[in-house]
Structure formats: C-alpha cells, structure tokens
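The values are calculated or read from the model by the stated rules, or taken from the named source; none is laboratory data. As the structure is a prediction and not an experimental result, all values here were calculated from the model. So basically every Cβ, Gly included, is an ideal-geometry build from the backbone, and we count neighbours across all protein chains shown. Only protein heavy atoms, including side chains, enter the accessible area calculation; ligands, DNA and RNA are left aside. Shrake-Rupley method; radii C 1.70, N 1.55, O 1.52, S 1.80 Å.
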Amino acid sequence: GIFIDENKELAFVANRDDNTISVLDLNDLLEIKTIAVEKAPYGIFSDESIDLIFVTNVQSSSISLISKKSLEVIEHIKVGKWPYQVAFEKNKKLLYVSNQRDNSISVIDLNRRKKIRTLDDICEYPEGIDISYNEKLLIVACWFDDNIILLDLNSNKLIKKISVSGGPRAFGKFVIE
C-alpha cells in the first residue's frame, strides 16, 4: 500500500517483508525515514481531517497508528485475522477494519484507541471497505461471496447484499460523493 499526504508532500509506503513503512519526500524523491511497525504491513490509509496514518499489519492481526507530525508509531491495536483495509468515519472518529480471514469487521474508537466492537460473519473474505456519508452506508466488497454488502453506518446492520460476479476486490477509497 501507498498513502500520499499532499499537505506534507510525503508518501508512505508499506514494506511488507521488512515490517516497516518508508516515508518519502515527494519533492526530493528520497526516503527520509523508516518506521518499524508490526508483521507484514499491507495497507496504509488516512484522512485529511485527522493527524493519524493507519497501517494494516496482516500477519500480526493488528493496525498501527502513526502520527503525521512526529512520524512515530503511537499505538498498535489488535483486530481480527488478516486486516486488509480501513475506512475512517470522521464524524464519530471510528475506524472500520476489514478482517479477511475472520470474515469480520473490527470497529475502533480512535478517541480511546480501543477496539469497541466486532461485526462477525459479515461475509467471506471482506476486503475493500469504504463509507458513503450521503447514503449513510458502510460498503464492503466480499471477495469470496461474490457480493457487495451495504451496512447502515449508524446501526451497523445489514441493509442489502448485491450479487456480482468474479470475486469483487477493492483497495483504497472507492466511494465518490
């Protein structure tokens, strides 16, 4: 995974085999820092409204929170097996983490930096996850179930399953509003 922070003109790159994140200066195109995280970092995500970068560490079943200011890890939080992607709910400061091999979604309260809930048996191999604020939906691509599921953003209850073919996968922001 790669995350570009346009405000700071930095790129963050997951080095899965080294258990690190490289921080690149986009002006000089040089690595300026290496940040150690947990095992097998895969996805890197953030939002301009928060000073955190979220890293999914698939083989340690955790996410790492990195400060954009200090470029240091401030917390590792355990989630389900093989976390793949996150969606940040900016109004409630919640982080939704898709856990591929648990078929679940972990819900993290970022104010307390604690997992507060697990949505179990969401679908088989949930991968891509994003939020539609206009529709008040949490949207999940379910790779092995050949469907997209829509969850109510407030109650986290299933609203609808949409059948698709070919094992839907998604990575990064895929909802445009």
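Overview of results
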quantity	calculated
Heavy-atom SASA rank of Y125, Y96 (probe 1.4 Å, accessible area, largest first)	Y125, Y96
Rel. contact order, % - alpha carbon contacts under 8 angstrom, at least six apart, the chain	11
Environment charge of N111, counting only residues whose C-beta is closer than 11 Å and scoring Lys/Arg +1, Asp/Glu -1	+4
Computed P(r) (all Cα pairs; segment 1-65; 10 Å bins; percent)	25, 54, 21, 1
15 Å Cα-Cα reach of K33 towards aspartates and glutamates, excluding residues that sit fewer than 8 places from it in its own chain	D5, E9, D18, D25, E72
Cα lying deepest toward the dipole's positive end in segment 4-44, options L29, A11, I44, charges on Cβ	I44
Accessible area per residue, Å², the chain with all protein chains present, probe 1.4 Å	50
Spatially proximal lysines relative to K39 (Cα-Cα < 26 Å; intrachain offsets below 8 disregarded)	K68, K69, K78, K81, K93, K114, K115, K173
Local electrostatic count at I77 - Lys and Arg +1, Asp and Glu -1, tallied over other residues with Cβ under 12 Å	+2
Peptides 55-63, 67-75 ordered by average Cβ neighbours within 10 Å, highest first	55-63, 67-75
Cα-based radius of gyration of the chain once divided by 2.2 N^0.38 Å, which approximates compact folds	0.99
For segment 55-140, convex hull of alpha carbons as volume per residue, Å³	91
Cα gyration tensor shape for segment 45-89, rounded if a/c is under 1.5, else prolate or oblate	oblate
Segment 114-177-segment 21-63 distance, computed between alpha-carbon centres (Å)	23
Diffusion constant of segment 122-177 at 37 °C, which comes from Stokes-Einstein with the Kirkwood Cα-pair radius and 0.692 mPa s, µm²/s	295
Beta bridges by DSSP in segment 1-65, antiparallel share as percent, to the nearest 5	100
Within segment 80-165: Cβ-based charge dipole about Cα centre, in debye rounded to nearest 20 (Lys, Arg +1; Asp, Glu -1)	580
In Å², nearest 10: area of D28 left accessible to a 1.4 Å probe	100
Unit charges on C-beta of K, R, D, E only; dipole of the chain, Debye	680
